[in-house]
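The values are calculated or read from the model by the stated rules, or taken from the named source; none is laboratory data. Just so it is clear, the structure is predicted and the values come from calculations on it, not from any experiment. Cβ placement follows ideal geometry from the backbone for every residue including glycine, while neighbour counts extend to all protein chains displayed.
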Amino acid sequence: MQVTLIWATLAAILTLAVYSFLYKDNPFYKFAEHLVVGVSAAYYLVIYYYNFIDPNVISPIFKLEFGGAPIRILGMQWWMALIPGLLGLLLYARFFPKIGWVSRWALGIYVGGYSGLEIAPVMQARVLDQIRGGSLPLVVPHDPSTSFTNILLVVGLLGTLTYFFFSLKHKGVLGVLARIGIVYIMVGFGASFGYTVMSRISLLIGRVDFLRQVADSWIQWLAT
């Protein structure tokens, strides 16, 4: 029996164990669930260590090198590696009740620093680009299809924003725009849900086809 067939069979058994939850909760499903969680945690632990912790903290501090070049113990690059490492260790202080408050320092620095770094990119991607994308010409000469598309987009944008504008009652023109916004929102939710269902069905088809391939491999092996 080929080694690949053994591993494929094991994967098929785990797949059936996961799908057994469709009948009811059972020990086979729990075993597969715990196995996936444990293996995933171990896998990501190794990935994070060799991709982030070792090159950014362990190597610069204990091997006295940064980016492959030797450094001085008291040089600026030393502190650039030491400070993030210490902040990371402070996060684990929350497991000790007496000094758990120390972890808030590191958490506050991480949250504040990340927020400061992300303000400009988020404003560019989620505000400025959205405003620029919504500023479309309603009439494009000699291109009625583009004009119609732009009108739909602008009306949908105004209607959706109006629906979430609660300072005034949705009456008159505001009420009409708000109802149009509801239609656009429902269409968006429906499309998103449909895409999610299609992707899950695609995954199911892939696993069923995998089970069929494993069964065919077993039949061919037994026939030889």
* Single residue of the range 5-26 satisfying the filter (of a type outside the set (D, E), loosely packed, with under 14 Cβ neighbours inside 10 Å and over 20 Å from Q213 (Cα atoms)) that is nearest to the chain's Cα centre (by Cα) -> L22
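Just one of A8, A12, A69 is on the phi < 0 side of the Ramachandran plot and at pLDDT below 90; which is it?
Exactly one of A8, A12, A69 is on the phi < 0 side of the Ramachandran plot and at pLDDT below 90, namely A69.
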* Structure fact -> The condition of being in a helix (DSSP H, G or I), out of contact with any Gly (no Cβ under 6 Å at 6 or more places or on another chain) and at pLDDT below 85 holds, among S59, S40, only for S59
* Is it the case that L211 is of a type outside the set (F, W, Y), in contact with a helix residue (DSSP H, G or I) (Cβ under 6 Å, 6 or more places away or on another chain), within 18 Å of Y19 (Cα to Cα) and surrounded by 13 or more Cβ atoms within 10 Å (Cβ to Cβ)? -> yes
* **Residues of the range 118-164 satisfying the condition of being within 19 Å of I180 (Cβ to Cβ) and among the hydrophobic types (A, V, I, L, M, F, W, C)** => L136, L138, F148, I151, L152, L153, V154, V155, L157, L158, L161, F164
* **Lone unmet requirement of (1) at pLDDT 90 or above; (2) farther than 24 Å from L204 by Cβ; (3) loosely packed, with under 10 Cβ neighbours inside 10 Å for Q2** => (1)
* Structure fact -> Expected single match for modelled with pLDDT of 95 or more and within 24 Å of the chain's Cα centre (by Cα) among G190, G206 is G190
* Structure fact -> Exactly one of L161, L152, L168, L157 is without any contact (Cβ under 8 Å) to a residue 40 or more places away in the chain, under 28 Å from M123 (Cα atoms) and surrounded by 14 or more Cβ atoms within 10 Å (Cβ to Cβ), and that one is L157
* Could you please find all residues in the range 171-199 being surrounded by 10 or more Cβ atoms within 10 Å (Cβ to Cβ) and either of a type in the set (D, E, K, R) or under 27 Å from I6 (Cα atoms) (or both)? => R179
* Asked: How many residues does the range 134-149 contain that are among the polar types (S, T, N, Q) and surrounded by 14 or more Cβ atoms within 10 Å (Cβ to Cβ)?
  -> 2
